[in-house]
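The values are calculated or read from the model by the stated rules, or taken from the named source; none is laboratory data. Keep in mind that this is a model prediction, so the values were computed, not measured. Reconstructed Cβ throughout: ideal geometry from the backbone, glycine too, with neighbour counts over all protein chains shown. Ligands, DNA and RNA are stripped out before the accessible areas are found, and what is left, the full protein with its side chains, is counted by its heavy atoms. Shrake-Rupley method; radii C 1.70, N 1.55, O 1.52, S 1.80 Å.
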Amino acid sequence: MTDEFEPRIVAFLCKWCSSAGSDLAGVSRMEYPSNVLPITVMCSGSVSPLYIFSAFNKGADGVLVSGCHPGDCHYLKGNYYARRRIALVKKLLEFIGLEPQRFQMSWVSAAEGKKYTQVIKDFVKEIKPLGPQTKLRRNQ
Amino acid sequence: MVKVEDIKKEAKRILKEGKVKYIIGYKKSTNGLMSVPAFIESPEDVENLIWDPTCVYNLTRFLVDEKRRKAREKNPDERPVGIVVKGCDSRAIIVLLQEKFINRENIYVLGISCETTGVLDEKKLLKKLNGKKAEKVEYDEKDNFIITTLDGKSKVPADEILAERCLECRANFPVINDILFGEKVDRKLDNRFKSLEKIESLSKEKRWGFWKEQLDKCIRCYACRSVCPMCYCDECVVDTINFAVTADTTAEEKAQRIKWVEKSPTTSENFVYHFVRAIHLAGRCIDCGECERVCPMDIPLRFLNKKMEKEAKELFDYDAGFDPDQPSLVSCFKDEDPEDFIR
Amino acid sequence: MEKILTKKSFSKWVKKLESYKIYAPVKNDDLWNYEIIDIPESIQPDYPNTVLSPKKIIFPQREIFLEFKASNEEGLEVKEILPEERPAIIFGVRPCDARALTLTDNVFKGDFEDPYYWKRRNQTILIGLTCNIPPSFDCFCLSVGGSPHSKDGLDILMTDLEDKYYIESLTKKGNQLINLAKDCFEEPKVMDKKDLEKIQANSEIQIKRQIKDIKKIPKKLKGMFDTPFWDKESLSCIQCGICTYLCPTCHCFDINDEVASSAPLKGKRVRTWDNCQFPDFTMHSSGHNPRPDKASRLRQRILHKFQYFVELYENFQCVGCGRCISKCPVGIDIIEVLDKVRDYGL
Ligand code: SF4
Ligand code: SF4
Ligand code: SF4
Ligand code: FES
């Protein structure tokens, strides 16, 4: 099948853990789907909810925010703040009727290349059946 | 219901003694029924003050104006501003204090308890009267409103025309005040999020259908933002231009300003606007219902904020507007915050 | 041309108009608005006025001007997008709202004719409805040169005579619509004409609000630019866009490029409504704002409507629909403001 739907996932990865984790997956030549557009941010705590809304607005089929495990944040507390904020964003998006699978959060450390690939694999698998995200997408 | 004479007496006193520079309260509007905000500067003007079920406005929004005006003045009058607040409005003051947007010594709070009643929903009233014009609405202290129209008086159970927020109000007395009018009457309320269930219980696609239909109506007049005492940002993501620019801002800096939202009132843009607003009000909205009241397109905005209020309560046991010393919802965390949604 | 149309024949007539895009006031929840409809069952003559006037059809809040796209040969490929070619009819237009279009007409013609506005304007037929009872408590059309049965700007005026409509066709376009379904119409009898006159005269009595001595106002305003009056009047204003967006005569707009992709460059040039009450409306890119506070913005709204516009087009830029009064979140009442202006300093 050539025209199978390939979702586009925007992933906000913190520089110190998750982005490093994805690099590890890369240099270790682990296989995982190429659906991700990674955006490196300084910390998961620096991801403004507006980034997330904007990603969906510009056509993302899924959005991932990923940071260091609790206790490991380079800035000590950033990921705890993120956890709260993201929980609220998730509830809000679900409340207006967006498919919950489309917005996810994960903890991925710099050593967890494997986990990163798994997170992405699962993400793609879960949103493929949903088809393109058209609800919040700008109609250009 | 608290007697307006008591409020007038105090208002006169503080104006005469020069304790406050002016008082923000309520007066009759030109349409004869509803109230409008009043800015009372002299003891003589105090006569215009009213207090009745039409005093719906959350006047704390004008504290934002006051702060801005004062910042522009060369020799500002440092005396506090008197302000009339209901229970819900008083919680806005708490949030403004908590965020250090205003100082306690800059306000003199005339707190009024709603006691056993609340304020009107003008739209419900109009519907109830089939478009007929009400001349006067009084509370009979027995859970009814007495409505006077040209055809005479009629009695309506209060619940039928009370504002939605009053029906779900859990603190109908001012939580902060310099002088309190009326008694603190506890309200029995089994579920403060009841109205939300109507929407929460819909299927995902129905919920989407509902919100799309509602937000498609939005004309982006920003009345919801303008009326909100918490929407005091100098610059909002939906504004087309950078208010923070000065003569020194370089062209480059200006050009780099990100345009997050287009001005077009299309589905996608309207959603970004309302998402941003809902998230930014999470843990700050005190449910005065003003955004929903003013919306010319009748969009049930309160549900969005109410949803955030509910999640703040259920996930983080957080209540906005009761404690000026607690950290704000998203600038704190607990170790045991839920994370079952994280992979 | 004058005719009688029974309420029964009304839908028969409308069916004959199939080839047109038809708009009529529709009630959604508790809100009335103009929407495209298949068949207007019958227009309810007593509907309160729509939140947005037919302005939103002739001058939509979002108008796409053109599409652009990077191209190898020309650098930028630009395609003009004109409104769809399709004649439209708007039913149930309130006389004030139709008059409002005759005012905005002034603005969109002159040295430059706005092709988007005029394309829609010229292909739209306006069928008005006499306000037997005023659709809002705040109507004051009589004060600003209108009336509840004004014919300005309309192609046809319908007046509800209980079981039938009195039809006054006022333009060629109007006559055409009637000729499309001649058999639906009857000739008016002497009695009908008498009923019409009675109802129209009575409709004027029903208008309760007015601005006295409005003629004095433009001159008076001229001397009031620099008075503290505006500070006081605007104290409660929250600077939302309701009064201007809902006003049928307000016509300010903004033009933006909505970029869909930056590489390769692709997007649309779009016109949207804009609003003199927003703080960013007059903000210069230097950071200077010539209307820095709400007093100057309220002043602009009033002066534009009751002084500048009068100087330019010899008409108030207000048709007395009352929307800005009924919908103002803080009860700012343009009639009261103008009353105070007239009596200012007396
Ligand atoms: S919400 Fe509560 S405090 Fe506010 S007006 Fe209603 S009853 Fe009073
Ligand atoms: S008040 Fe209503 S129409 Fe205006 S911006 Fe808010 S939601 Fe949109
Ligand atoms: S200024 Fe007010 S009353 Fe006059 S036309 Fe505009 S909205 Fe209507
Ligand atoms: S640096 Fe990784 S979450 Fe803060």
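Could you tell me how far the Cα centroid of the stretch C:188-213 sits from the Cα centroid of the stretch B:36-57, in Å?
So the two Cα centres are separated by 39 Å.
Computed on protein heavy atoms with a 1.4 Å probe, what is the summed buried accessible area for the chain pair B and C, in Å² to the nearest 100?
On the way: alone 18560 and 17270 Å², together 32320 Å².
Rounded to the nearest hundred, the buried surface is 3500 Å².
Let me have the relative contact order for chain C, percent, based on Cα pairs under 8 Å that are six or more residues apart.
Working: 615 pairs, mean separation 74.7, N = 346.
Relative contact order comes out at 22 percent.
Any chance you could check the Cα centroid distance between the stretch C:90-149 and the stretch A:56-126 for me, in angstrom?
Distance between centres, Cα-based: 53 Å.
Looking at the stretch B:276-343 from every direction and averaging, what is the projected area of its Cα convex hull in nm²?
Details: hull surface 22.8 nm².
So the mean shadow area of the Cα hull is 5.7 nm².
Return the FRET efficiency for the residue pair B:Lys100, B:Phe322: r is the Cβ-Cβ distance, R0 is 22 Å, and the value is rounded to the nearest 0.05.
Numbers: r = 17 Å, r/R0 = 0.77.
After rounding to 0.05, the efficiency reads 0.85.
Taking beta carbons within 10 Å but only from partner chains, what does the mean come to for residues B:213-222?
Working: counts 2, 2, 1, 0, 6, 0, 9, 6, 13, 9.
The mean count of partner-chain Cβ atoms within 10 Å per residue comes to 5.
Debye sum, Cα scatterers, the stretch C:214-343, no solvent: what log₁₀ I/I(0) at q = 0.13 1/Å?
So the normalised log intensities are -0.59.
Where both residues lie in the protein assembly as shown, what percent of DSSP beta bridges are antiparallel, nearest 5?
Details: 59 of 96 bridges.
Here the share of antiparallel DSSP bridges comes out near 60 percent.
Work out, in µm²/s and without decimals, the Stokes-Einstein translational diffusion coefficient of the stretch C:119-208 at 4 °C, 1.567 mPa s, Rh from Kirkwood over C-alpha pairs.
Details: Rh = 14.2 Å.
Estimated diffusion coefficient is 91 µm²/s.
For a quick check of your reading of the filter: which trypsin sites (Lys or Arg not before Pro) in the stretch C:167-239 sit in a DSSP loop and have no more than 16 other Cβ atoms within 10 Å? Can you show the working numbers first?
On the way: sites: C:Lys172, C:Lys173, C:Lys182, C:Lys189, C:Lys193, C:Lys194, C:Lys198, C:Lys208, C:Arg209, C:Lys212, C:Lys215, C:Lys216, C:Lys219, C:Lys220, C:Lys222, C:Lys232; in loops: C:Lys189, C:Lys208, C:Arg209, C:Lys212.
Counting only loop positions with at most 16 other Cβ atoms within 10 Å, the trypsin sites (Lys or Arg not before Pro) in the stretch C:167-239 are C:Lys189, C:Lys208, C:Lys212.
Give me the distance in nm between label points sitting 7 Å out from Cα along the Cα-to-Cβ direction at C:Asp30 and B:Thr149, one decimal.
Placing both labels 7 Å along Cα→Cβ, they lie 1.3 nm apart.
Select from A:Phe12, A:Phe123, A:Phe95 the residue whose mean-square fluctuation is largest in a Gaussian network model of chain A (Cα-Cα springs shorter than 10 Å).
Result: A:Phe95 has the largest fluctuation of those listed.
According to a simple spin-label model (label point 7 Å from Cα along Cα-to-Cβ), what is the distance in nm between B:Lys313 and C:Lys219?
In this crude label model, C:Lys219 to B:Lys313 measures out at 6.2 nm.
With the convex hull built on the Cα atoms of the stretch B:193-343, state its orientation-averaged projected area in nm². The partial results should precede the final answer.
Details: hull surface 48.3 nm².
Its Cα hull, projected and averaged over all orientations, spans 12.1 nm².
Which of A:Ala20, A:Ala87, A:Ala111 moves the most in a Gaussian network model of chain A with Cα springs under 10 Å?
Its mean-square fluctuation being the largest, the pick is A:Ala87.
Take chain A, connect every pair of alpha-carbon atoms lying under 10 Å apart with a spring to form a Gaussian network, then pick out the residue of A:Ile52, A:Ile39, A:Ile120 with the largest mean-square fluctuation.
So, out of A:Ile52, A:Ile39, A:Ile120, the one fluctuating most is A:Ile39.
Run the paramagnetic zone check for B:Lys136: 7 angstrom along Cα to Cβ, then residues of the stretch B:31-46 with backbone nitrogen under 19 Å.
Only B:31-36 fall inside the zone, counting backbone N under 19 Å.
Using a cut-off of 30 Å between alpha-carbon atoms, which lysines can reach B:Lys74, once sequence neighbours fewer than 8 places away in the same chain are excluded?
List returned: B:Lys12, B:Lys16, B:Lys19, B:Lys21, B:Lys100, B:Lys254, C:Lys222, C:Lys232, C:Lys294, C:Lys340.
Which positions within the stretch A:87-101 get 30 Å² or more of their accessible surface covered by the other protein chains, compared to the chain by itself, with a 1.4 angstrom probe?
Correct list: A:Ala87, A:Leu88, A:Lys90, A:Lys91, A:Leu92, A:Phe95, A:Ile96, A:Gly97.
C:Lys15: which lysines have alpha carbons under 23 Å from its alpha carbon, excluding same-chain residues fewer than 8 sequence positions away?
Qualifying lysines at Cα under 23 Å: C:Lys3, C:Lys7, C:Lys27, C:Lys164, C:Lys172, C:Lys173, C:Lys182.
For Cα pairs less than 8 Å apart in space and 6+ apart in sequence, what is the mean separation divided by the residue count of chain B, i.e. the relative contact order in percent? Please list the in-between numbers first.
On the way: 538 pairs, mean separation 56.2, N = 343.
Relative contact order here is 16 percent.
When the accessible area of the protein assembly as shown is computed with all protein chains present and a 1.4 Å probe, what percentage of it is carbon and sulfur? Could you put the intermediate results ahead of the total?
Working: 18440 of 36140 Å².
Whole-percent figure for carbon plus sulfur exposure: 51.
Calculate, for A:Ser46 and A:Thr134, the FRET efficiency according to 1/(1 + (r/R0)^6) with r their C-beta to C-beta distance and R0 22 Å; round to the nearest 0.05.
Details: r = 29 Å, r/R0 = 1.31.
Computed FRET efficiency for A:Ser46 and A:Thr134 comes out at 0.15.
Just the Cα atoms of chain C: what Rg and Dmax do they give in Å?
When restricted to Cα atoms, chain C yields Rg and Dmax of 22.1, 72 Å.
Per the Cauchy relation, a quarter of the hull surface: what is the mean projected area of the convex hull of the alpha carbons in the stretch A:9-130, in nm²? Provide the component values of the computation, followed by the final result.
On the way: hull surface 26.7 nm².
For the stretch A:9-130, the mean projected area of the Cα convex hull comes to 6.7 nm².
Which of rounded, prolate or oblate describes the protein assembly as shown when judged by the alpha-carbon gyration tensor and an a/c cut-off of 1.5? Show your work: numbers first, answer last.
Working: a/c = 1.73, a/b = 1.22, b/c = 1.42.
In terms of gyration-tensor shape, oblate.
Average partner chain C-beta neighbours within 10 Å, per residue of B:57-66?
Numbers: counts 4, 0, 1, 0, 4, 4, 0, 1, 8, 0.
That works out to 2 on average.
With a cut-off of 20 Å, note down the residues of the stretch C:150-176 whose backbone N falls inside the zone around a label point 7 Å from the Cα of C:Asn122 toward its beta carbon.
C:153-156, C:171-176
Take the Cα atoms of the stretch B:68-155, find their three principal axes, and give me the spread along each one in whole Å, biggest first.
On the principal axes, the stretch B:68-155 reaches 54, 27, 19 Å in Cα extent.
Please check which bits of the stretch A:89-110 a label hung off B:Lys204 would reach, taking the label as a point 7 Å along Cα-to-C-beta and the cut-off as backbone N under 16 Å.
In the stretch A:89-110, the label zone of B:Lys204 (backbone N under 16 Å from the point 7 Å along Cα→Cβ) covers A:90-105.
Alpha carbon centre of the stretch B:87-155 versus the stretch C:1-66: separation in Å?
What the calculation gives is 37 Å, centre to centre.
At a Förster radius of 45 Å, what calculated FRET efficiency corresponds to the Cβ-Cβ distance of C:Lys198 and B:Glu44, to the nearest 0.05? Present the calculation step by step, with values, prior to reporting the outcome.
Numbers: r = 49 Å, r/R0 = 1.09.
Approximately 0.40, to the nearest 0.05.
Among C:Thr227, C:Leu177, C:Val190, whose Cα projects farthest towards the positive end of the dipole of the stretch C:156-240, with charges put on the beta-carbon of Lys, Arg (+1) and Asp, Glu (-1)?
The Cα lying farthest towards the positive end belongs to C:Thr227.
For the stretch C:214-343, what is the accessible area per residue in Å² when the probe is 1.4 Å?
Working: 4960 Å² over 130 residues.
Value for the stretch C:214-343: 38 Å² per residue.
Averaging sequence separations of C-alpha pairs under 8 Å and six or more residues apart, then dividing by the length of the stretch C:214-343, give the relative contact order as a whole percent.
Details: 150 pairs, mean separation 41.5, N = 130.
Relative contact order of the stretch C:214-343: 32 percent.
Per residue and in Å³, how big is the convex hull formed by the alpha-carbon atoms of chain B? Write out the running numbers ahead of the final one.
On the way: hull volume 61.8 nm³, N = 343.
Enclosed volume per residue, from the Cα hull, is 180 Å³.
From other protein chains only, count the Cβ atoms within 10 Å of every residue's Cβ in C:26-32, then give the mean. Before the final figure, lay out the partial values.
Numbers: counts 0, 0, 4, 8, 5, 6, 0.
Per residue, the number of nearby Cβ atoms from other chains is 3 on average.
Taking the mean number of other Cβ atoms within 10 Å as a proxy for protection, how do you rank C:265-272, B:265-272 from highest to lowest? Present the calculation step by step, with values, prior to reporting the outcome.
Numbers: C:265-272: 18.5, B:265-272: 21.5.
Result, highest mean Cβ count within 10 Å first: B:265-272, C:265-272.
Cβ under 15 Å from C:Thr282's Cβ, C:Thr282 left aside: what net charge do those residues give with Lys, Arg +1 and Asp, Glu -1?
Numbers: positive: C:Arg291, C:Lys294, C:Arg297, C:Arg299, C:Arg301; negative: B:Asp239, C:Asp254, C:Asp274, C:Asp280, C:Asp293.
It works out to a net charge of 0.
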